[in-house]
Amino acid sequence: KNQVEQSPQSLIILEGKNCTLQCNYTVSPFSNLRWYKQDTGRGPVSLTIMTFSENTKSNGRYTATLDADTKQSSLHITASQLSDSASYICVVSDRGSTLGRLYFGRGTQLTVWP
Amino acid sequence: DAGVIQSPRHEVTEMGQEVTLRCKPISGHNSLFWYRQTMMRGLELLIYFNNNVPIDDSGMPEDRFSAKMPNASFSTLKIQPSEPRDSAVYFCASSGGDRGNEKLFFGSGTQLSVL
């Protein structure tokens, strides 16, 4: 069964600290993996999209890594800011499918305290 | 571009009433998706259109739900009759195509509360 599991479910860190969010998936065959940021009361916004051949991709202070062999991804946030408080959702697509076949994780709720 | 526009932002209705959610995709995008998000189940795809044609509606929970896309710039999701278990945030998203590597752009959602 194709699944996407994220950990931790929630995380609290102090402003300025780094953190890493985890995503494990069983989707096969794999096509790409996306990280989305969802602010409270807003829709998800794409942070990164990584294909099978990419093992790291950055977007400002956000760096995503992908290990397609172990089917794991992480999202590292550097020098966190209050505006990083949001839910971070991992989404996986299987090969050859359309956007109608995306597998969503339940998200990690990140809270950054001053 | 203003992005994907959804209306209303909030909807409170009584059980049994008809509810219509509206979406305007990003201009030039030819794929449109309706999602529902709840605490229990996260984001779930309800239906998606490609070039105004419904491609996959297997996520629509039951006959009370229907969706239309009469033209490339407008779509509706209708619930009739509504039930309390339909309470959720409904998102519309659009993309330039429906291939698996396309970028997906979400609207701000409609928070639906059925009393």
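Throughout, read-outs are computed from the coordinates displayed, never taken from laboratory work. None of the values given here were measured: they were computed from a predicted structure. A quick note on method: Cβ atoms are made from the backbone with ideal geometry, for glycine too, and the neighbour counts reach across all protein chains shown.
Working from label points 7 Å from Cα in the Cα-to-Cβ sense, the residue B:12 to residue A:83 distance is 3.2 nm. In this label model, residue A:13 and residue A:1 are separated by 3.1 nm, measuring between points 7 Å along each Cα→Cβ vector. Close lysine pairs were tallied over chain A: pairs 8 or more places apart or on different chains with Cα atoms under 19 Å apart number 4. In straight Cα distance, which lysines are under 20 Å from residue B:68, not counting same-chain residues fewer than 8 positions off? List returned: B:24, B:78. Within a straight-line Cα-Cα reach of under 19 Å, residue B:103 can be paired with the following aspartates and glutamates, leaving aside sequence neighbours fewer than 8 residues apart in one chain: A:39, A:54, A:94, B:1, B:44, B:56. Largest first and in whole Å, the equivalent-ellipsoid semi-axes of the stretch B:1-45 read 23, 16, 10, each the square root of five times a Cα gyration tensor eigenvalue.
The mean count of C-beta atoms from other chains within 10 Å of the C-beta of residues in B:94-105, rounded to a whole number, is 5.
Beta bridges assigned by DSSP with both partners in the protein assembly as shown are antiparallel in approximately 90 percent of cases. Averaging the Cα positions of each part gives two centres, and for the stretch B:13-65 and the stretch A:28-100 these lie 23 Å apart.
Across every direction, the projection of the convex hull enclosing the Cα atoms of chain A has a mean area of 6.7 nm². Put simply, the C-alpha atoms of the stretch B:46-86 give a gyration tensor, and the ellipsoid matching it has half-axes of 20, 12, 6 Å, longest first. Would you mind giving the average projected area, over all directions, of the Cα convex hull of the protein assembly as shown in nm² with one decimal? Value for the protein assembly as shown: 12.5 nm².
Restricting to chain B, compute how many DSSP beta bridges are antiparallel as a %, nearest 5. Counting only bridges with both partners in chain B, antiparallel ones make up about 90 percent. Restriction of the GluC sites (Glu not before Pro) in the stretch B:35-107 to DSSP coil positions whose beta-carbon has at most 10 other beta-carbons within 10 angstrom yields B:62.
Modelled label positions at residue A:58 and residue B:66, each set 7 Å beyond Cα in the direction of Cβ, lie 5.3 nm from each other. Normalised by residue number, the volume inside the convex hull of the Cα atoms of chain B is 95 Å³ per residue. The ranking of B:4, B:19 from fewest to most other beta carbons within 10 Å of each one's beta carbon is B:19, B:4.
The mean sequence separation of alpha-carbon pairs under 8 Å and at least six residues apart, normalised by the residue count of chain A, gives a relative contact order of 37 percent.
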